[in-house]
1. From the list A:R250, A:R206, A:R275, A:R234, pick out the single residue that is charged (D, E, K, R) and within 14 Å of chain B (Cβ to nearest Cβ).
2. Tell me which residues, restricted to the range A:395-453, are touching a Lys or Arg at 6+ places or on another chain (Cβ under 7 Å) and within 14 Å of another protein chain (Cβ to nearest Cβ).
3. Out of A:H91, A:H69, A:H163, which single residue is of a type outside the set (D, E), within 29 Å of A:V495 (Cα to Cα) and in contact (Cβ under 8 Å) with a residue 24 or more places away in the chain?
4. Which residues, counting only those in the range A:63-95, are closer than 11 Å to A:V48 by Cα and within 13 Å of chain B (Cβ to nearest Cβ)?
5. Find all pairs meeting these conditions: Cβ atoms under 6 angstrom apart; at least six residues apart or on different chains; first residue within the range A:369-382 and over 22 Å from A:G100 (Cβ atoms); second residue assigned to a loop (DSSP other than H, G, I, E, B) and not small (G, A, S).
6. Output the residues belonging to the range A:85-115 that are assigned to a loop (DSSP other than H, G, I, E, B) and of a type in the set (G, A, S).
7. Hey, any hits in the range A:180-194 for a residue that's in a loop (DSSP other than H, G, I, E, B), surrounded by 19 or more Cβ atoms within 10 Å (Cβ to Cβ) and touching a His at 6+ places or on another chain (Cβ under 9 Å)?
8. If we scan the range A:242-251, do we find a residue that is modelled with pLDDT of 95 or more, within 27 Å of A:E92 (Cα to Cα) and out of contact with any Lys or Arg (no Cβ under 8 Å at 6 or more places or on another chain)?
Amino acid sequence: MSRKNRKQTPRTLPRPQAPKAPPPSYPSVRLNPNLVEVPVTARDDMRVPARVWADEELWKQISRDRTLHQLINVSTLPGIAGTAQAMPDAHEGYGFPVGGVAAFRARDGVISPGGVGYDINCGVRLLASEVTADELGHSRLEAIVHDLSRAIPSGMGRGSHLHFTDGDFDRVLAEGCTYLAERGLATAEDLDSIEAHGSLPAADPRAVSERAKQRGGGQLGSIGSGNHFVEVQRVETLFDLAAAEALGLRAGQVVILVHTGSRGLGHQVCTDYVRAMDAVMARHEIHLPDRELACAPFESPEGQKYFGAMCAAANFAFSNRQAITYAMREVFQRALGDHGRLHLVYDVAHNMAKLERHGDEDLVVHRKGATRAFGPSHPETPARYKGIGQPVLIPGSMGTASYALVGTDEGFNLSFGSTCHGAGRAMSRTAAKKVQSGAEVRKALEDRGIVVRCASAGELAEEAPHAYKDVDRVVDVVHHAGLARKVARLVPLGVIKG
Amino acid sequence: MAPPWHRWVDHTAEVQLQVRAGSLAGLLAEAGRALGALLLRGHAAEPSGEPKTIEVSSVDREALLVDWLNEIIFRAEVERWIAVEFEVLEASESHLKASARGALVDDPPALVKAATFHGLAVEEREGGLQAEVIFDV
């Protein structure tokens with residue numbers, strides 16, 4: 001492709017030419033209106049039951065693809081504790097299903113790069129502005145969204161405005177947002193509002209390959225492509241006034257939601273360690289129904305090395321969202337002066353493995369497309385949210401509603417302190433494009449007054465709202481199941497996509 | 001021997017490739033061509049410049065296919081160079097050496113994070129080999 005003809009052709013995915021075999025079926029029993037269980041006897045190699053948090057409609061949608069089959073594969077892994085779980089937004093992935101939660105005993109269980117996914121610490125950050133949508137007005141909104149799209153690089157490999165030496169970059173991996181604060185890119189208040197203060201102490205930059213550092217080196221402060229985005233939103237509905245006040249949210253307020261992760265660095269860390277663990281599983285006498293579940297005992301050298309690399313990639317992802325925040329603050333302050341301050345509500349991961357104490361056991365809790373949701377009394381819930389619960393941020397599909405919730409103490413026991421991570425795909429990218437073209441999706445959003453900045457019409461079509469489950473229904477399930485509590489519904493004003 | 005071909009299979013969230021060829025060398029080259037097209041997202045591409053040598057070693061032929069595709073993804077992202085034409089110089093069940101020509105892009109490719117091991121299979125079929133591989137996009 002020459003540089004000059006690059007824009008003359010469409011940016012779309014290939015059209016599938018072959019149907020897929022139907023998924024296998026398994027016996028199941030509904031335990032309550034929001035929970036279904038597949039018994040441990042459903043397949044000979046299961047070690048624990050599999051559970052899906054879903055009402056009847058979402059259960060129907062989840063049963064259409066291979067989500068359940070993949071969840072049952074996860075239930076066969078060594079050292080798995082309790083139950084293998086899928087959240088109401090779950091869908092077929094690779095290895096683990098997306099929306100999957102699995103906890104493994106640290107003393108005799110495994111850690112699996114595929115259980116975290118390629119986008120390590122993909123997550124969400126919510127910032128609250130000091131203005132309402134009415135005060136901002138449409139023309140200033142349009143100008144701000146435009147400036148944000150110029151200030152925040154997007155696309156798969158598009159790079160950062162920030163420049164770090166190799167030594168600086170290793171400090172980003174080792175210290176995450178703590179190092180960014182030292183560089184003036186984060187405040188002490190920011191650090192208090194990020195999961196693990198944006199700095200996982202187990203991070204080991206030496207366990208991150210040079211290839212991973214090459215791939216992610218220029219990407220700090222960028223969104224990336226796929227379903228990642230920055231949205232300017234309006235607080236539409238408040239469900240819990242006391243919790244909303246604690247989170248700093250009020251009706252009509254302009255807020256900004258950032259959804260991105262560790263970019264090429266995380267992708268390469270996962271690639272490196274799936275490959276490395278695939279090669280050593282026989283030595284550890286681990287036999288799996290799917291090679292993408294490649295894993296190693298958590299306490300083994302391979303398991304510890306991956307954990308160190310994963311934590312480093314997670315620190316990179318926290319720092320990535322922080323660097324984006326820095327750029328956004330500059331845009332808002334240029335546009336609104338003293339009223340342009342942005343306060344960090346919270347930043348939380350939804351692709352991560354964490355070492356956590358559950359009851360009498362240390363567990364390595366894998367959340368792949370699932371959000372950590374700790375309750376009001378958990379020690380890791382930030383001081384300002386004690387008695388309320390850790391904020392849980394659920395981005396809807398592009399152009400639909402998003403939610404702010406808080407974790408519950410009850411959910412800690414029900415789902416290892418986990419909840420959903422979004423609407424969850426219901427339709428392949430190709431099927432989505434058959435429903436509406438990118439131009440039609442853009443027009444539908446703009447007709448609703450939403451400002452759209454996205455370079456790729458193909459990506460707009462692939463990420464259209466109809467390609468996803470109903471986020472309101474997904475959130476209602478976790479709310480009624482007691483996994484998290486609804487605080488606010490947020491609706492889009494402007495969308496910036498890679 | 002039938003000519004190599006590939007097709008795309010529907011997947012809820014990712015992209016699934018099915019590829020067939022008369023030999024392992026042909027299979028790897030065809031999978032590389034398919035990935036090049038995926039990385040270019042439908043853009044036309046004329047390869048330019050000198051060919052580059054790509055070499056990978058793996059534990060078996062399935063891993064070889066994944067490692068090969070991940071090498072192409074890595075070069076696309078880091079070098080902004082998308083390989084589209086391949087000549088296989090050496091191929092065994094665990095080793096591949098190929099010469100590739102590609103296109104330089106000023107805007108790095110969208111979409112592909114990695115080739116995965118999920119549902120991975122390289123199987124004997126009449127007149128050759130067939131493989132399936134899922135890409136995380």
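The values are calculated or read from the model by the stated rules, or taken from the named source; none is laboratory data. Just so it is clear, the model here is predicted, and its values are computed rather than measured. Backbone-built Cβ (ideal geometry, glycine too); neighbour counts: all protein chains shown.
1. Among A:R250, A:R206, A:R275, A:R234, only A:R275 is charged (D, E, K, R) and within 14 Å of chain B (Cβ to nearest Cβ).
2. The answer is A:A423, A:G424, A:A426, A:T430.
3. Just one listed residue meets the conditions, A:H91.
4. A:N73, A:V74
5. If the second residue must be assigned to a loop (DSSP other than H, G, I, E, B) and not small (G, A, S), the pairs left are A:P376/A:I388; A:T381/A:F374; A:T381/A:Q390.
6. Taking the range A:85-115 and keeping what is assigned to a loop (DSSP other than H, G, I, E, B), we get A:95, A:106-109, A:112.
Those that are assigned to a loop (DSSP other than H, G, I, E, B) and of a type in the set (G, A, S): A:G95, A:A106, A:G109, A:S112.
7. So in the range A:180-194, the residues in a loop (DSSP other than H, G, I, E, B) come out as A:183-187, A:193.
Applying the additional criterion that residues be surrounded by 19 or more Cβ atoms within 10 Å (Cβ to Cβ) yields A:185-186, A:193.
This time we only want the ones that are touching a His at 6+ places or on another chain (Cβ under 9 Å), so: A:193.
Yes: the range A:180-194 contains one or more residues that are in a loop (DSSP other than H, G, I, E, B), surrounded by 19 or more Cβ atoms within 10 Å (Cβ to Cβ) and touching a His at 6+ places or on another chain (Cβ under 9 Å).
8. Within the range A:242-251, the subset modelled with pLDDT of 95 or more is A:242-251.
Those still in the list that are within 27 Å of A:E92 (Cα to Cα) too: none.
No.
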